[in-house]
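The values are calculated or read from the model by the stated rules, or taken from the named source; none is laboratory data. Only a predicted model underlies this, so the values are computations on that prediction, with no experimental measurement involved. No Cβ is skipped: glycine too gets one built from the backbone with ideal geometry, and neighbour counts run over all protein chains shown. Just so you know, the surface numbers come from the protein's heavy atoms only, side chains and all, with ligands and any DNA or RNA stripped out. Shrake-Rupley method; radii C 1.70, N 1.55, O 1.52, S 1.80 Å.
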Amino acid sequence: MTTPPSHTANAQPGKAPKDSGSNATPPSRRDGEQARQLLAAAGQHVLTHGFGDWSLRAIAPHLGTSHRMLIYYFGSADHFWERVLHEIRRDEVAKRREILGNDLGMAGSIERAWDRFSTESYLPVMQLLFELYGRAVRNPERHADFLQDVVASWLEPLERQMIHQLGLRPKEARLRARLQLATFRGLMLDLLATGDRKETTAALKYFAQLIAQPPHPD
């Protein structure tokens, strides 16, 4: 686990240093080294223990700090958790770019994505993703950005890939992209629930061949 940052020299334990009184957190503070260390420690904690009740008071002791210091660095609980989610999903974004940028073909790209995202080391991230899905659909206003990004950020590059590699028209490419994303995540949830790697992988490979078929004739 990442070593949590110490309090600033002028701060008393459990108390945030005084600032100018502005409600907005300065970029130099929220993007500074101590803030990054807090985010890294928080990411490791939630990957192991989940989000809990989303309480800053609950997570702060695990990071070696206080809820007031978290508010000092990030402005609010919502802003803190948004940054934590961004850090956790950074690896997903990097993997997505690598997979979609290869020349393996449509079926090969889908199988490569499965190989990367279904590894034992990455499954805790997928568990966290599904945990957040459940929370977000119950409270869509609070998690509107997540709900939009977690689908749209995949659909758009998948659609472009299908147009480029399969020669699909935009409408069919969009439909196939949504079907691919839903099937992939459904099989990932199946793997997490059953642990049946052999059957879920076989189903994924079968689906990859189906979705990579040429365009339907008009």
Length gained when the stretch Glu141-Val93 is fully extended (0.36 nm per residue, less Cα-Cα span) = 14.9 nm
Hey, what's segment 44-186 come to in accessible area per residue, 1.4 Å probe, Å²?
-> 51
PRE reach from Arg36 (point 7 Å along Cα→Cβ): which of segment 94-125 fall under 20 Å by backbone N?
-> 94-95
If you work out percent of Cα pairs over 30 Å apart from the coordinates, which of [x] 32; [y] 35; [z] 16 do you get?
-> [y]
Considering the chain as a Gaussian network with a 10 Å cut-off on Cα pairs, which listed residue, Glu172, Glu141, Glu111, attains the greatest mean-square fluctuation?
-> Glu141
Consider a paramagnetic label point 7 Å from the Cα of Leu181 along Cα→Cβ; state which residues of segment 108-133 have an amide N under 20 Å from it.
-> 108-118, 125-133
Along the charge dipole of the chain, Cβ charges K/R +1 and D/E -1, which of Val46, Thr65, Pro157 sits furthest on the positive end?
-> Thr65
Extension gain Ser76-Leu210, at 0.36 nm per residue separation less the Cα-Cα distance, in nm?
-> 43.6 nm
Arrange the residues Val84, Val137 by how much accessible surface each exposes, largest first, with a 1.4 angstrom probe.
-> Val137, Val84
What net charge is computed for the residues neighbouring Arg138, neighbours being all others with C-beta under 14 Å from the C-beta of Arg138, Lys and Arg scored +1, Asp and Glu -1?
-> -1
To the nearest 20 debye, the chain has a Cα-centred charge dipole, built from +1 on Lys and Arg Cβ and -1 on Asp and Glu Cβ, of 300
Can you list the aspartates and glutamates whose alpha carbon is less than 18 Å from that of Lys205, not counting same-chain residues fewer than 8 positions off?
-> Asp103, Glu111, Asp115, Asp190, Asp196
Separation between Cα centres of segment 128-184 and segment 35-89, rounded to whole Å = 26
Comparing Gln37, Gln127, Gln148 in a Gaussian network model of the chain (Cα, 10 Å), the one with the largest mean-square fluctuation is Gln148
Taking all protein chains as present, what is the carbon and sulfur share of the accessible area of the chain, in % to the nearest whole number, probe 1.4 Å?
-> 52
The relative contact order of segment 45-186, taking Cα pairs under 8 Å that sit 6 or more residues apart, comes to a percentage of 17
Under a plain spin-label model, where a point goes 7 Å from the Cα along Cα-to-Cβ, how far apart in nm are Ser55 and Lys171?
-> 5.3
